[in-house]
Every structure is written in C-alpha cells, then in structure tokens.
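Each remark here refers to the structure printed beneath this line.
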Amino acid sequence: MNGILFKLRRRLRALFHKSELERELEDELRFHLEKEIEQNLARGMNQEDARWIALRSFGGVDQVKEESRDVRGVRFIEELLQDVRYSVRVLRRQPGFTITVVITLALGIGANTAIFSVVNAVLLRELPLKNPEEVMWVWSTRTDRDKAPFTLPDFLDYRDQNHTLEQVAAFCNVGLNLTGSEKTERLQAMRVSANLFELLGVDASAGRLLVPEDDDPARRPTAVLSYESWQKRFGGDPQVVGKSLNLDGETYTVVGVLPRTFNLPDRDAELAIPLRPLLDPLRELRSSTNFLRAVARLKPGVTRQQAESDLTSIVARQRQQFGDPYLKKTGVRLVPIYEETVGNVRTALWVLLGAVGMVLLIACSNLAALSLARASARYHEMSIRKALGATSVRLVRQLLAENLLLTLLGGAAGFLLAIWGVRLLLALSPTRLPRDNEIGVDLTVLAFAAGASALAAVVCGALPALQASRSEMRRGLLSSTTRGVGEGASRNRSRSILVVAEVSLSFILLIGAGLLIRSFISTQAVNPGFDSSNTLAVRLSLPKANYPNRTAVSLFYDKLSSRLQALPGVESVGAISLLPMSPGLRVIPFIPKGQGASKGDSFVAQYRLVSPDYFRVMKIPLRQGRAFDSHDRDDRSAVAPVAIINETLASRFFPNNDAIGAQIQIDDNNTGPRPVEIVGVASDVKHVSLEDKPTIDIYLPIAQVHEDGVGALTNSMYWVLRSTSDPAALEPGIRRELRSVDKDIASADLRTLESYLSDSVAPRRFNLRLLTIFSVAALLLAATGIYGLISYSVAQRTPELGIRLALGASRKNIFRIILGQGLRLVGVGLVLGLVGAFALTRMIRSLMFGVTPSDPITFVAVSSLLIVITIAAGAFPALRATKLDPLRTLRE
Amino acid sequence: MKEIQTDLLQGTLDLLVLKTLQTGPRHGWDIAQRIQQVSQDVLRVGQGSLYPALHRLEERGWISAEWGASDNNRKAKFYKLTAVGRKQLAAQTESWERFTGAVDLILKTT
C-alpha cells in the first residue's frame, strides 16, 4: 500500500515537477563531471585534457539523461502531453479550421446527444417500476376491437377468479369540480384501484400513496396528487399532506404525492382517488358502458400467454352465464406495459436518432476531407519531422492527438448544447412524449456523447492519420515544389469515397423527409368535412349540482344560445358534446335494425350530441332528410327520439337509400339499446384524425340526451360560433355572457377550429420539421463536400489543365472534365442512396400517410434536387478552372 | 593493470551499489570510486550505467536520495539505503553467494 502511494507520489512529481527533476539531474551529472575533472587534474593533466577525457569517459551526457528519464516511468504520458501541447499550438495557429471543426462537431454531437437523451429515457431505460417486465396492461378483446376497456363487473371477475395474477388494478378517467376557492375549477383526475401503486411498486415523494384499505367504503375518501399538480397548485409544499379538498361536493384528504418520474395513465390527471368499487352504482350492471382499463402483475414464473388464456377462460364463463352483454367480448389480451407506454412513439424516435446520426456521419466525413486537405498542406512538415527521426507511430499519434483534442472540444461543447437542446426539443414538441418527465442528461447520455465524440475522432482522424503513416515521406521532402503529385492519387480516392458516402447518406435522409412532406401534404388535402374558417370553439363544464337532468341542460342551452346569438359579429351558434379533432373519444354500440334484433348484430359508432344549428354552423351538408329542429325535444315522448347518421353509416347499412324514416337501436345508456328514428343523413366528418378512414357516426339532439348521458354532457361540451369577421374578437363577449348565465361554469379554453385542425397534425409537422432540418443540413454538408473536393482537385490539376489549355483544349472541355469528375461521384452516391432508401423507408411506413415508401414523385424530386445542388456546388470551382491562364499555370 | 570494463549484469551493479551504501550515504561519484577501489580497479562503473541504476533503485524505493554538501562544500546528491534496500541487500547477497558457490563447484569439479 505504502509502496503504491510512494510510487504514485513519485510519478506525479515526475509529471508536474518535471523542470525541477531535470535541474536536479543536471546538477547531479555536472557534479560528477567536475569530480572526474578534479581527479584528472590531480593526476597531472592540464585543464583542457582533464575536461576532454572526463567528458569522453562520461559517454554522452544526454544519453545518460535520457536513460534516467526513462526510469521515471512516465515517458508515454510525457510524450502525449508533448503531442497535446504541440496540437494546441498548431490549432491555435489555424483558428478558422479549428473553429469550423469544433462548431460542426458541437452541433452534430449536440443534436445527437439531445435526441439520444430522449431515446434513452423513453425507450431504453427501464420503466421506474418494480420488475416492470411482470406488469401487463389488460385489454378486453372484442369481435370489433382488440384493445377495449371493460365494465366494473368484468374487472371484479378478473380480480377474483384468476389464478395467474399476483394483483390486478383498474382505473378510469374522471372529471371533478374542485370547490373551495372563489371560483370552481375543473380537475382531470383518475379513479384507481387502491392497490395500483402497490402493484406497480412506486413510492410516494411525500406522504403515502393509496393502500388497498383506501378502497374500503367505510373509510374517509383519500386522494394522492400527481407530482406536477403538487408543484403547480401547492408549490411543492410538503404540508399539503393531510389537507382536505372539496371535490364534487365530497371531502377528500390528500395523503401523499406521486413521484416525479411517475405518470398516471391519463397524463393530464392531477390526482388519483380510490376506485371504491363497492360504492359504484355500476358494480352489478353487466350491460353498462365499458369504462375501465387495468394493469396486472403476473405471478412469478407465469408467462403472458398463460395469464391471457386464464383470463380469457373467465370471459368464456361470463359469456355462458350472462349472455347478451358478452356477445362481442372474445377474451383478454395482455400487453407488456413498456409496449403500451412507448409503442406508438418508438418508430418516430428511432428514425430521428438515425437521421441525426447520419447527419453527424456526413459532418464527420466533411471534416475528414478537411483534415485530408490539411494533411496534404502539412506534407512538407511531416516529411521534415520524419527525416529528423520521428517514427511513423509518433507522427500518427501526433495527428490523432490533434483530432482527439478537436473532438474533445466539440464533444464537450456538444454536450452542453444537448442539455439545452433537450429542453428546446421538449418545449417545441406539440404532444407530450410518454415518460417525458424522465428525460434528462445522465451517465448513459454522457457516455453516448463521449462515444459519439470518439467515433467522430476516428472517422475524422483515421483517414488522414493512415495516409500520413503510409505515404513515402522522403518523396515529400524531395518534391516540395511539385507537392501533391506523389500523394495525389490515393488521397483523392479517400476524398472521393467520402463524397460518395455523403451523397448517399443525404439522399436517404432527403427521401425520408420527402416522404414525410408528401404525407403531410396528403393530410392537408383531406377534407375534414366541416368549414373551420371564422369559427371559435369554447369548451364548457357545467357543475353537476345545477344541471342534474336534461331539462336543466336544455334550458341552459336555450338561454346561452340566444344570448350568444345576439352578440355582434356572431353569425350562428351551435353546440356538440365532443368537437371533431378534440382529444377524447365517445363511441356507442348500435344495431342498424329496428326492434327484435339481437345484441349480436351490434356495431360501434362515433356518438355525438348536437344542437339543432350545429350542422349549419359547421357547414356540414345534409345529404338527405333534415337537420334537427326545435321540435326534437324530450317533451315529444310519444314519438321515438330522432337521430342523424353520416353517409358512411347510411351507405353501409342502408344501401337502398332507405335510411330516412328507418329505426336503429343505440346503446347509449345503462339499461340497454333504445330505438331512434333516422331523420337525416349528414356528410362524413373526420372526428378523430384527418388520417383516419371514414367513421360511422350517429348524432342525437342535445335536447333528447338520455338521462344516463347527462353527466357526460355536462362534464364537457363544446360550443361553436361562426363569426362574420375575426373570430378571436368574440372572446370577451362570450366570457361575459357565460358569466351572466351561470358564474359557476368552468370554461376551459377558447380556440379556433382551425387551431384544432392544425393541432391534430402537429406531431406529424414536428417530426417533419426535425427531419427536414436534418436532411437540409445533410444536403448542405454534402454540397460543401463536393465543392471542397472539386476545388481541391482543380488546385491539384492546375499544371495539367494548363497544359491541356496550351494544347488547345476549349474552356468547355475543361469545364466538362472537372464537373464530370464530380458528377460521377454523385452518380455513384445516388445509386447507393437509392438502394439504402428503398431498404430504410420501409421501416417508416407507419409514419406515412397517403404515399407509398417508394413514392416515385418523392424519389424523382429528391434525385433532381440532389443533382441540381451538387452540380451547382461543383460548377463554381469548375468555372474557376476554365478561367486559368495557361501561361501562368505553366510558369508556376 | 587489466581492468574489466564490464557491462556488468544489471542485477550485479545493483548489488554492488547497495553494498557500497551499506556503510553510509555516498554520492554518485563516490560510489563509482569506491567500487573501483575496493575491486582494486578491476571493476569500473561507467557513469552511463551508474546513474540510471541509481535512479532505478530510487524508483524502487531501495535507496533514497538527499541533497547535501560534499567534501569541499559543494552541493551533491547523497544516496542511502532504505529499510527495504537493506533487506534486498541481504537477500541478494545470499543468492549471489549461492550462485557463485555453485559456479565454483562446477568449475572445480571434473
């Protein structure tokens, strides 16, 4: 131990007090020499002889010194430091080169690291749960869907009858009105089985999380806050534990806060309250809506398939026992929680990382070309150093040291850039990524940045270093005047390979971006089915207490709509339970036949409650029949309620154009299907996304909403106003009228329909922008590469071109020779890029819309763009070559 | 007198240096002189091998160095045995004696 410390101290001294050691060595040797001379003098020699003989017997002072230095055991490090010092000097002498390289690397490594830190957090890191591989998402499979929620009795059966699950916990979204402060607020929350957090294995960041006992109806209701809500609403105050919240008229005690890295299944939920199934009126109702989702933890040693068949056998029993409500339910599907959480962003993230990685590769090959050019400028220097006895190893090491230093600088700057870039990326991202609260810079990210830098160092530095070690230095010395002739061929080959690589990589990137651009254009060409111009939508939540039934809702509708209608600038006013393109989904089963049909004939439709004027406001044309009118109210109870269906439903189920007057049965309540009469057929509307296939839609008048559906309607409804001018100007008027009708109404946001439309394609636009930026960067880099290569070869071939000109070659010939050389490389790059693009674009099929992966328009357009840009990049130096003065070039 | 300007085996030189230092601290020139004297001019240590050897021994921690004043009050670097060095000296002396004894035996037999 002591020995090691002793050695370490000596080594450190050798490194950091080198001059002191050197001086001591010098002193010691000088002393010896003097003693030697003294002795010689004593032997009777004269001064001069004494000294000379002493020196001779001494055998070379420097050799002794050198050997003594070797003993210190730090020679390698010393030489490395020497290399680094020399590199610093070299790089400082060429600030232009240094800055270019460092900035390029910083941007390249920064962008890569930023995107990697997202990939790392979202895709690579294990979910912050206990043994996440055991946790499964539980879906009900149906004849019409393979991922459906289920009813409360379903869940209770799964929970009580399974043999394969350690635990299972259900949850659903719920909106709660928070009262207590001056204004009522609407909170997004989740009802969760109280064992959910125990099942997942997460720990509270303050207080405690829900425990199974919290489901007990006899206990006082409890709630846990999401970390975000804790920060936002309570400023992270730990005193919040024990506080009471008044939610929907009931008092909940906050018992704790969820950890920062944990997201509730509904990302916007601010708190979780226990499910308390025993208090739920739907607990016995097997025909109720399927509103629950669940997660389960497998028992140790149980496979997913075993658990699936176990649960599916429960569904089979249910079907046998309860019949009708289970006709469509075929079983249970378990999806690993990792798949369920990140499955839908995986492709896009990998594509972005791949793209940004390619940009870095292209940037590196440009830098490599730059280093090559620089190496040939330093040919002379290297030759001299070699002639003076530097070994090849030492020269290569010197070049590597320079590169290492550059990439280290670039990497460090890039890493800092990435820390900022991740924040920018998340701020710009239109949708919240899953697990975005786990994204950050950690050791893995640091290692990645280091790895990227190392890779960059190798790519940038290996070629020139290789060349330096290979080339015949002696020739460099001899032919310093005709520099470049000896080493030209192989160096040009390296540069040509780099250019080909750049062209093919940027071609692949451009194709990717091109396909996404085409997809985006396709979405913009989709007709949403309504006119979004000059419209404003406002989302309302009515306090349940004031609007307990449909009469109250109808009255509210009449009152508010006449007031809004009277506002100056308002052309028309309508309302709908769920606005097209708004987040959320409401579907119901329906039977496209009248009485007597069995439940097995049912299908699923998008379900919207609308006001009479809705179709007029939205400019949704009616193909047949009529719109709703003020007579379609609940007081006409003798007549069946009315409905409007969309064209797709009509053409699919009433192919003989006999929809009007027909009856269908809709299952929009807790007691079973009820008949409605079709009075109109509206044209199709994109309700969920512009990219979806046409849906089957059923509209009902708000005034005839089933009493079971009143809660959902008051929870959230949208009002749409068509304005004669700028819709934004309506906002103050709307707010004023809302307050005067009922000051307890929580109005969330006022937005134009256009913004809903554009938000619906925002994720696509975001991916598209990133990929476009990357591919444009790639294209520019490739163009720079080509420009550099051709300029270089013009400079190199100047004497040859001079001779050609002197012998009568026309300027056009020269231009063609020079440009042809570049075009050949572009051609090779294009072919390679084509092959790569055909292979790679198949992987991003899921990101495309309305185009095929081998879309000819994209391929032709991108190839042309690439050819034009590269010709332009090559034309400048080629033009310069034609202006050469043959006399001068020959003389030089 | 015939002198042996040997390229002494490295281990041998180390042993000689250690032995020389057994009687007390000496500087480099002194060590060389001493070896030469005691061996009656048979062994001469070239400076080119002496100093690297000294630094090597120092590096190993068998001897330690200290600057001091020489006979006529000049600054000189004095080396002395460390505890480890003393043990090394004993061990190496023993193995050297065994070695030479064995060589003797072979040379004197037959």
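Those residues that are at positive phi and within 38 Å of the chain's Cα centre (by Cα), I need them from the stretch A:238-255; list them, please.
Hit for the stretch A:238-255 is A:248, nothing else.
Scan the stretch A:875-887 and give yes if some residue there is closer than 22 Å to residue A:505 by Cα and either surrounded by 16 or more Cβ atoms within 10 Å (Cβ to Cβ) or assigned by TED's automatic domain parsing to the domain that holds residue A:506 (or both), otherwise no.
Taking every residue of the stretch A:875-887 in turn, at least one turns out to be closer than 22 Å to residue A:505 by Cα and either surrounded by 16 or more Cβ atoms within 10 Å (Cβ to Cβ) or assigned by TED's automatic domain parsing to the domain that holds residue A:506 (or both).
Within the stretch A:648-666, count every residue that is within 41 Å of the chain's Cα centre (by Cα), surrounded by fewer than 21 Cβ atoms within 10 Å (Cβ to Cβ) and touching a residue at least 12 places away in the same chain (Cβ under 8 Å).
The initial filter retains those residues of the stretch A:648-666 that are within 41 Å of the chain's Cα centre (by Cα), namely A:648-652, A:666.
Retained after the next criterion (residues that are surrounded by fewer than 21 Cβ atoms within 10 Å (Cβ to Cβ)): A:648, A:651-652.
When the remaining residues are screened for being touching a residue at least 12 places away in the same chain (Cβ under 8 Å), the result is A:648, A:652.
Residues in the stretch A:648-666 being within 41 Å of the chain's Cα centre (by Cα), surrounded by fewer than 21 Cβ atoms within 10 Å (Cβ to Cβ) and touching a residue at least 12 places away in the same chain (Cβ under 8 Å): 2 in total.
Looking at A:287, A:376, which one is of a type in the set (Ser, Thr, Tyr) and not assigned by TED's automatic domain parsing to the domain that holds residue A:196?
Every option except A:376 fails the conditions.
Looking at this structure, is residue A:788 assigned by TED's automatic domain parsing to the domain that holds residue A:373 and touching a Pro at 6+ places or on another chain (Cβ under 8 Å)?
No: the conditions fail for residue A:788.
Can you name every residue in the stretch A:104-140 that is crowded, with 20+ Cβ neighbours inside 10 Å and in a strand (DSSP E or B)?
Result: A:135, A:136, A:138, A:139, A:140.
Would you confirm, using the coordinates I've provided, whether residue B:93 is touching a residue at least 60 places away in the same chain (Cβ under 8 Å), of a type in the set (S, T, N, Q) and either out of contact with any strand residue (DSSP E or B) (no Cβ under 8 Å at 6 or more places or on another chain) or within 14 Å of chain A (Cβ to nearest Cβ) (or both)?
For residue B:93, the condition - touching a residue at least 60 places away in the same chain (Cβ under 8 Å), of a type in the set (S, T, N, Q) and either out of contact with any strand residue (DSSP E or B) (no Cβ under 8 Å at 6 or more places or on another chain) or within 14 Å of chain A (Cβ to nearest Cβ) (or both) - is met.
Please count how many residues of the stretch A:22-51 are surrounded by 13 or more Cβ atoms within 10 Å (Cβ to Cβ) and away from every other protein chain (no Cβ under 12 Å).
7
Please determine, by comparing only the residues of the stretch B:26-58 that are surrounded by fewer than 19 Cβ atoms within 10 Å (Cβ to Cβ) and within 7 Å of chain A (Cβ to nearest Cβ), which one is farthest from residue B:12 (Cα to Cα).
B:48
For the stretch B:28-37, does any single residue satisfy the condition of being at positive phi and of a type in the set (D, E, K, R)?
Of the stretch B:28-37, the ones at positive phi are none.
No; the residues of the stretch B:28-37 include none that is at positive phi and of a type in the set (D, E, K, R).
Look through A:143, A:164 and report the one residue that is touching a helix residue (DSSP H, G or I) at 6+ places or on another chain (Cβ under 8 Å) and either closer than 24 Å to residue A:298 by Cβ or touching a residue at least 12 places away in the same chain (Cβ under 8 Å) (or both).
The unique qualifying residue is A:164.
Going through A:413, A:449 one at a time, which residue ends up being of a type in the set (Gly, Ala, Ser) and buried (at least 20 other Cβ atoms within 10 Å of the Cβ)?
Answer to the selection: A:449.
Residue A:131: modelled with pLDDT of 80 or more, on the phi > 0 side of the Ramachandran plot and among the polar types (S, T, N, Q), yes or no?
Yes, satisfied.
Please verify whether the stretch A:39-61 includes one or more residues that are at positive phi and either in the same structural domain as residue A:396 (by TED's automatic domain parsing) or at pLDDT 80 or above (or both).
Yes - at least one qualifying residue is present in the stretch A:39-61.
Could you tell me how many of the residues in the stretch A:784-835 are within 19 Å of residue A:498 (Cβ to Cβ) and not in a helix (DSSP H, G or I)?
0
Given the conditions (1) without any contact (Cβ under 8 Å) to a residue 60 or more places away in the chain; (2) under 24 Å from residue A:217 (Cβ atoms), report the number of the one that residue A:313 does not fulfil.
Here residue A:313 meets the rest and fails (2).
Scan the stretch A:229-251 residue by residue and report those that are hydroxyl-bearing (Ser, Thr, Tyr) and either within 14 Å of residue A:194 (Cα to Cα) or in contact with a Lys or Arg (Cβ under 8 Å, 6 or more places away or on another chain) (or both). Steps first, answer last, please.
Let us first name the residues in the stretch A:229-251 that are hydroxyl-bearing (Ser, Thr, Tyr), namely A:229, A:244, A:251.
A:251, the sole residue that qualifies.
Would you please list the contacts, defined by Cβ atoms under 7 Å and residues six or more apart or on different chains, that run from a residue in the stretch A:416-428 that is assigned by TED's automatic domain parsing to the domain that holds residue A:441 to a residue that is acidic (Asp, Glu) and modelled with pLDDT under 85?
A:426/A:436
Going by the conditions given, is residue A:730 hydrophobic (A, V, I, L, M, F, W, C), surrounded by 13 or more Cβ atoms within 10 Å (Cβ to Cβ), within 15 Å of residue A:575 (Cα to Cα) and touching a strand residue (DSSP E or B) at 6+ places or on another chain (Cβ under 9 Å)? First the steps, then the outcome.
Working: hydrophobic (A, V, I, L, M, F, W, C): yes; surrounded by 13 or more Cβ atoms within 10 Å (Cβ to Cβ): yes; within 15 Å of residue A:575 (Cα to Cα): no; touching a strand residue (DSSP E or B) at 6+ places or on another chain (Cβ under 9 Å): yes.
Taking the combined requirement at face value, the residue does not satisfy it.
If I filter the stretch B:59-82 down to residues being outside any strand (DSSP E or B) and either buried (at least 20 other Cβ atoms within 10 Å of the Cβ) or in contact with a Lys or Arg (Cβ under 7 Å, 6 or more places away or on another chain) (or both), which single residue comes out as nearest to the other protein chains (Cβ to nearest Cβ)?
First, pick out the residues of the stretch B:59-82 that are outside any strand (DSSP E or B): B:59-62, B:70-74, B:82.
Cutting the leftovers down to either buried (at least 20 other Cβ atoms within 10 Å of the Cβ) or in contact with a Lys or Arg (Cβ under 7 Å, 6 or more places away or on another chain) (or both) gives us B:59, B:62.
Details: B:59: 5, B:62: 11 Å.
Residue satisfying both the conditions and the ranking: B:59.
The values are calculated or read from the model by the stated rules, or taken from the named source; none is laboratory data. Being a predicted model, the structure only gives us computed values, none of them experimental. No Cβ is skipped: glycine too gets one built from the backbone with ideal geometry, and neighbour counts run over all protein chains shown.
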